[in-house]
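One structure is given here, and the rest of the page talks about it.
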Amino acid sequence: MRLTQGCFSFLPDLTDDQIYKQVQYCLANGWAVNIEFTDDPHPRNTYWEMWGLPMFDLSDAAGVMMELAECRRVYGDRYIRISGFDSSHGWESVRISFLVNRPAQEPYFALERQEVAGRVVRYATRLCPSREATP
Amino acid sequence: MLDLQCANNSSLCGGAASPPSGFDLRKEAEAAGITETLRELEHELIGLKPVKSRVRQIASLLLIERIRQRAGLVSSPPTLHMSFTGNPGTGKTTVALRMAKILHGLGFVRRGQVISVTRDDLVGQYIGHTAPKTKEILKKAMGGVLFIDEAYYLHRPDNERDYGQEAIEILLQVMENQREDLVVILAGYGERMTNFFASNPGFRSRIAHHIEFPDYSEAELLLISELMLKERGYSFSAAAREAFVNYIALRMTQPFFSNARSIRNAVDRIRLRQADRLVSDLDRMLEIKDLETIDSSDVLASRVFSASPPGEGREPSERTS
């Protein structure tokens, strides 16, 4: 199932040129750019692992693209996202986050229903391995 | 089938959109800001003939590349890594800073910032420290110019476990793979740079422009001193100018002469003496002209004139005045 998380996720995957421009936009705004990766794309998993340190005092996105290429080389089979953190007063939060890499076989999510006391129903999203992997 | 044909004649397909028949070179050069940039370079830097001619060549290449691209011919971005060698004070650092502006103006580099580093900024202190440190600097320099001053310190031949080698390898890799993103300029004194390149042949071959900075002639040094004074809002009186010509001739024969840097120090000391001369007589009315003019006595008071012939037991240092 195609994962849709963060910006641009309903569009076709961004090309490197497009990623470069987005990163340049982040840097021009003075945001710290982070590269993060994970093999657990569950929507509740907000703790992705960081690739290197946040990059802030760069003037050109080529430096980030270099790190991204390195990260893809090592973790090409995982989800990788780039986020831009705005540290200015009043914001102090992530302003943009978008996927830049996804595994060839994406997992899917199943809805689990649980009946508890008083006929209350609880729902949970469960991460399942890719269907294509087990035909 | 159509696609296949197009792929075979890709250069034709690309150029076929609007193939201009001719190009107005002057208009193209002005549009790219080349004439303006070169004129500035000519006026603001004295001497340095080989440097200027190389910059002009590079600028011309860019212009032709641009036109070729528009004409649909094959074009490839030129390699711009440079090495500046020359004696102390011949303007290597000044030109490197200027070079970033030029390259940016000509559209060779995207941002035009200069990151000036030495060994300490690239080489780490323990295992695993060097690579991130070097990469950090490289990332900062992307889109601009990385200026490595006294680059030969990166290589320590007496210690083969030195981390400098690791930094060199990372540098070489990025210099090769990301030529469009970054221009690396190495600078250092002539002889030691030669040794450095001899022990790192990879560096030598990856640098397209080896530029030798010649020593300044006496006439050029005089022009430089006048330019420096002008920048600071002073000027020589006729007698002072003559005295300074003698000063330059004498100073050049003395040890530890470092071209424009010595001249800059001399100019600063002359300003000190001028101020001292003015303050020593508190009872007179000062005119604007007095404040601006360097008198011959300011120059002649220098110890360069009173000194015994060079190399006879004087303390030879930059501090002597």
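The values are calculated or read from the model by the stated rules, or taken from the named source; none is laboratory data. None of the values given here were measured: they were computed from a predicted structure. Backbone-built Cβ (ideal geometry, glycine too); neighbour counts: all protein chains shown.
Is it the case that B:ASP281 is under 29 Å from B:MET82 (Cα atoms) and acidic (Asp, Glu)? So B:ASP281 fails the test. Within segment B:174-214, no residue satisfies the criterion of being touching a Lys or Arg at 6+ places or on another chain (Cβ under 6 Å), within 14 Å of another protein chain (Cβ to nearest Cβ) and outside any helix (DSSP H, G or I).
Residues in segment B:284-303 include at least one that is buried (at least 19 other Cβ atoms within 10 Å of the Cβ) and in a helix (DSSP H, G or I). Apart from one condition, B:ARG119 fits all of (1) closer than 20 Å to B:LEU41 by Cβ; (2) in contact with a Phe, Trp or Tyr (Cβ under 9 Å, 6 or more places away or on another chain); the exception is (1). Looking across segment B:118-136, just one residue is in contact with a strand residue (DSSP E or B) (Cβ under 9 Å, 6 or more places away or on another chain), of a type outside the set (S, T, N, Q) and surrounded by fewer than 18 Cβ atoms within 10 Å (Cβ to Cβ), and that is B:ASP121. Among the strands (runs of 3 or more DSSP E) confined to segment A:52-125, the ones with at least 1 residues that are surrounded by fewer than 13 Cβ atoms within 10 Å (Cβ to Cβ) and more than 14 Å from every other protein chain (Cβ to nearest Cβ) are located at A:93-101, A:108-116.
Taken over segment B:188-228, the criterion of being among the polar types (S, T, N, Q) and within 23 Å of B:ARG251 (Cβ to Cβ) is satisfied by B:SER217, B:SER225.
When B:ILE115 is tested against (1) surrounded by fewer than 19 Cβ atoms within 10 Å (Cβ to Cβ); (2) in contact with a helix residue (DSSP H, G or I) (Cβ under 7 Å, 6 or more places away or on another chain); (3) more than 23 Å from B:TYR216 (Cβ to Cβ), just one condition goes unmet, and that condition is (1). Screening B:LEU171 with (1) within 14 Å of chain A (Cβ to nearest Cβ); (2) not in a helix (DSSP H, G or I) gives one miss only, at (2).
Yes/no per residue for (1) farther than 21 Å from B:ASP181 by Cα; (2) out of contact with any Lys or Arg (no Cβ under 7 Å at 6 or more places or on another chain); (3) not aliphatic (A, V, I, L, M):
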| site | (1), (2), (3) |
| --- | --- |
| A:TRP51 | yes, yes, yes |
| A:LEU58 | no, no, no |
| A:ALA61 | no, yes, no |
| A:LEU68 | no, yes, no |
| A:ARG78 | yes, yes, yes |
| A:VAL94 | yes, yes, no |
| A:SER97 | yes, no, yes |
| A:ARG102 | yes, yes, yes |
| A:GLN105 | yes, yes, yes |
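The set of residues in segment A:1-51 being under 22 Å from A:ARG126 (Cα atoms), in contact (Cβ under 8 Å) with a residue 60 or more places away in the chain and not in a loop (DSSP other than H, G, I, E, B) consists of A:GLY6, A:PHE37.
This table checks each residue for (1) under 16 Å from B:LEU48 (Cα atoms); (2) surrounded by 14 or more Cβ atoms within 10 Å (Cβ to Cβ); (3) free of Cβ contacts under 8 Å to residues at least 12 places away in the same chain; (4) touching a Cys at 6+ places or on another chain (Cβ under 8 Å).
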| residue | (1), (2), (3), (4) |
| --- | --- |
| B:ASN200 | no, yes, no, no |
| B:HIS210 | yes, yes, no, no |
| B:GLU218 | yes, no, no, no |
| B:PHE236 | no, yes, no, no |
| B:PHE244 | no, yes, no, no |
| B:GLN254 | no, yes, no, no |
| B:ALA260 | yes, yes, no, no |
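Screening B:ARG56, B:ARG70 for residues that are part of a helix (DSSP H, G or I) and in contact with a Phe, Trp or Tyr (Cβ under 9 Å, 6 or more places away or on another chain) leaves exactly one candidate, B:ARG70.
Hey, could you check segment B:57-92 for residues that are β-branched (Val, Ile, Thr) and closer than 16 Å to B:HIS209 by Cα and say which is surrounded by the most Cβ atoms within 10 Å (Cβ to Cβ)?
Of the residues in segment B:57-92, the ones β-branched (Val, Ile, Thr) are B:58, B:64, B:67, B:74, B:79, B:85, B:90.
Then keep just the ones that are closer than 16 Å to B:HIS209 by Cα; that gives B:58, B:79, B:85.
Working: B:ILE58: 20, B:THR79: 15, B:THR85: 22.
Ranking the candidates gives B:THR85 first.
Considering each residue of segment B:259-268 in turn, none proves to be closer than 28 Å to B:HIS155 by Cα, assigned to a loop (DSSP other than H, G, I, E, B) and in contact with a Ser or Thr (Cβ under 8 Å, 6 or more places away or on another chain).
Within segment A:33-49, the set of residues being more than 11 Å from the chain's Cα centre (by Cα) and either facing another protein chain (nearest Cβ under 10 Å) or at pLDDT 95 or above (or both) comprises A:VAL33 only.
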